[in-house]
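The values are calculated or read from the model by the stated rules, or taken from the named source; none is laboratory data. Here the structure is a predicted model, which is why all the values come from computation and not from measurement. Reconstructed Cβ throughout: ideal geometry from the backbone, glycine too, with neighbour counts over all protein chains shown. Surface accessibility is based on the protein's heavy atoms, side chains included, excluding ligands, DNA and RNA. Shrake-Rupley method; radii C 1.70, N 1.55, O 1.52, S 1.80 Å.
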Amino acid sequence: MKKILIAICALMGIGNAIQAEVKLPKFFSDNMVLQQQTECNLWGTAEAGKTVVVNTSWDNKTYKVKAAAGDGRFELKVTTPAAGGPYDITFDDGTKHTLSNVLVGEVWICSGQSNMEMQMKGFKMQPVEGTTEELLRCKDKNLRLFTVKRKASLAPLDDVTGQWNEADAASVRDFSATAYYFGRALRMQLDVPVGLIVTAWGGSACEAWMKADWLKAFPKVTLPQSDADMKKLQQRCPTALYNGQMNPLVGYSMRGAIWYQGEDNVTRADYYADLMAAMVKGWRSEWKQGDFPFYYCQIAPYDYSLIKWEQYNSAYLREQQAKAETLIPNARMAVLMDAGLEYGIHPRKKREAGERMALLALANTYGVKGMPDFAVYKSVEFKGDTAVVSFDRSKEWVYFENGTTSELFEVAGSDKVFHPATKVWIERNRVYVKCDKVKQPAAIRYAFKDWAQGDLMHDGLPVSSFRTDSW
């Protein structure tokens, strides 16, 4: 009996030791990247009331923090240096826990639906353009990748499933193509370590990436009342992906976020700009990093009638995304009018998506000179039977990709009936549009359809579809 009691006590001691050991969220692990030159947040749990000693090898500085009396949670800030590494971080509450091969550099959160989630290997029978060539040259120990596993939840979660990997053929193949091309461009231009955390889910609604309080301003949104509601809607369930895939990341010190989403919201496009602005405002409020940079892709053209959405025109969603630029501070939109796929909602041109967001980040966040910019529609003036269209951000002047004219313009008079333009030309930085059937034009539209291969360009980049009316 005495031996049995000793054995039980020994096992209890082992159990207590295991319980007492520092536990960290999955994204605080070997191979991670911390944001450079900041007070970087770290957190975890340990035995309640116990002191955790943290050492950072880049400056050999020691920090001490006490685990909370109730749940044992602790959090602290460590001062990170200029980009570099690899380093170690040691957590010690009596049992040492060391994170190795840690880099310090630039960290970005990458979120959205399937076109953000789509891996370099593509989906079944839906390839990503250029994957084979990219996998031959993608090895980079200073580019680190973390993918959050899909998880919907009505209750806010504290952790995710996933792991940090160095970029190589195996890890890149299974990583977001859009995010990879974004990160690779930053690596090439900035020459510092880059860490990318992808939290995305195909088919997800914008509403799913928001907290319930933020959605109260939108009466058309029905909040879930039970797990049954969530299980029915999954990635389209309001709040479910914020709780399951974003809340655990909140506070991870980073530079900014990129976003590629909107296809699921085509059927309710009318308030998307306000919805998106509320989401970004909410994220920023939770992160407590001010108005961190937010760059996003406008959805690419696609024939939505193929999924039985004939009654909707996705150009209205693209219009709302363009409007969001004016509502969200420190945010810019990458246009993909020339990078869609008529018969596929998952365009193959993910390099364009990632690199165009990188252009915006390099120019606007990092101050890199020489980056081209996206021209935007400014105004229209009607002179007799001709509409004259002006643009902003068009220092290099607009042009047509395939020649001297375009077939993507339409003209309407006061009867609000649109006809294809019969003559379209450019003089200096203005587009002139005429239609033989409309002698007194009242409105024009450019590429304002589900599917159009955009051909109006500026400095190598496409101009968004637009309309001059509000009909």
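Counting just the residues of the range 111-132 that are on the phi > 0 side of the Ramachandran plot and in a loop (DSSP other than H, G, I, E, B), which one comes out least open to solvent (accessible area, probe 1.4 Å)?
Restricting to residues being on the phi > 0 side of the Ramachandran plot and in a loop (DSSP other than H, G, I, E, B), the top hit is Gly122.
Test each condition in (1) open to solvent by 10 Å² or more (accessible area, probe 1.4 Å); (2) at pLDDT 95 or above for Glu310 and report the one that comes out false.
Result: Glu310 fails condition (2) only.
For Leu145, state whether it is out of contact with any Lys or Arg (no Cβ under 6 Å at 6 or more places or on another chain) and under 29 Å from Ala169 (Cα atoms).
Answer is yes for this residue.
Out of curiosity, is Lys149 within 25 Å of the chain's Cα centre (by Cα), in a strand (DSSP E or B), on the phi < 0 side of the Ramachandran plot and free of Cβ contacts under 8 Å to residues at least 40 places away in the same chain?
So Lys149 does not fit the description; no.
Any idea how many residues of the range 79-98 are touching a residue at least 40 places away in the same chain (Cβ under 8 Å) and either open to solvent by 30 Å² or more (accessible area, probe 1.4 Å) or in contact with a Ser or Thr (Cβ under 6 Å, 6 or more places away or on another chain) (or both)?
11
For the range 400-409, what are the residues that are surrounded by fewer than 21 Cβ atoms within 10 Å (Cβ to Cβ) and either among the aromatic types (Phe, Trp, Tyr) or outside any loop (DSSP other than H, G, I, E, B) (or both)?
Within the range 400-409, Phe400, Gly403 meet the criteria.
Do we find that Phe382 is of a type in the set (A, V, I, L, M, F, W, C) and part of a strand (DSSP E or B) in this structure?
When the stated conditions are applied, Phe382 passes them.
Could you tell me whether Val160 is touching a residue at least 24 places away in the same chain (Cβ under 8 Å), open to solvent by less than 50 Å² (accessible area, probe 1.4 Å) and out of contact with any strand residue (DSSP E or B) (no Cβ under 7 Å at 6 or more places or on another chain)?
Yes.
Considering only strands (runs of 3 or more DSSP E) fully contained in the range 422-471, which possess at least 1 residues that are crowded, with 16+ Cβ neighbours inside 10 Å, modelled with pLDDT of 95 or more and of a type in the set (Val, Ile, Thr)?
Output list reads 423-427, 430-434, 443-446.
Return the residues of the range 374-399 that are more than 19 Å from Met337 (Cβ to Cβ) and either exposed (fewer than 15 other Cβ atoms within 10 Å of the Cβ) or not aliphatic (A, V, I, L, M) (or both); say none if nothing qualifies.
Once the filter is applied, which keeps residues that are more than 19 Å from Met337 (Cβ to Cβ) and either exposed (fewer than 15 other Cβ atoms within 10 Å of the Cβ) or not aliphatic (A, V, I, L, M) (or both), the range 374-399 yields Ser379, Glu381, Phe382, Lys383, Gly384, Asp385, Thr386, Lys395.
Only one of these is closer than 30 Å to Arg73 by Cα, at pLDDT 95 or above and in contact with a Ser or Thr (Cβ under 6 Å, 6 or more places away or on another chain): Val194, Val148, Val160. Name it.
Val148
Out of everything in the range 133-154 that is among the aliphatic types (A, V, I, L, M) and open to solvent by 10 Å² or more (accessible area, probe 1.4 Å), what residue ends up being nearest to Pro347 (Cα to Cα)?
Here the answer is Leu135.
Inside the range 187-225, can you point out the residues that are touching a residue at least 12 places away in the same chain (Cβ under 8 Å), of a type in the set (S, T, N, Q) and outside any helix (DSSP H, G or I)?
Result: Thr199, Ser204, Thr222.
Please enumerate the residues belonging to the range 19-47 that are open to solvent by 50 Å² or more (accessible area, probe 1.4 Å) and assigned to a loop (DSSP other than H, G, I, E, B).
Glu21, Lys26, Asp30, Gln37, Glu47
When Ala257 is evaluated against the numbered criteria (1) small (Gly, Ala, Ser); (2) within 30 Å of Thr79 (Cβ to Cβ); (3) touching a residue at least 24 places away in the same chain (Cβ under 8 Å); (4) open to solvent by 50 Å² or more (accessible area, probe 1.4 Å), which criterion, by number, is the only one it fails?
(4)
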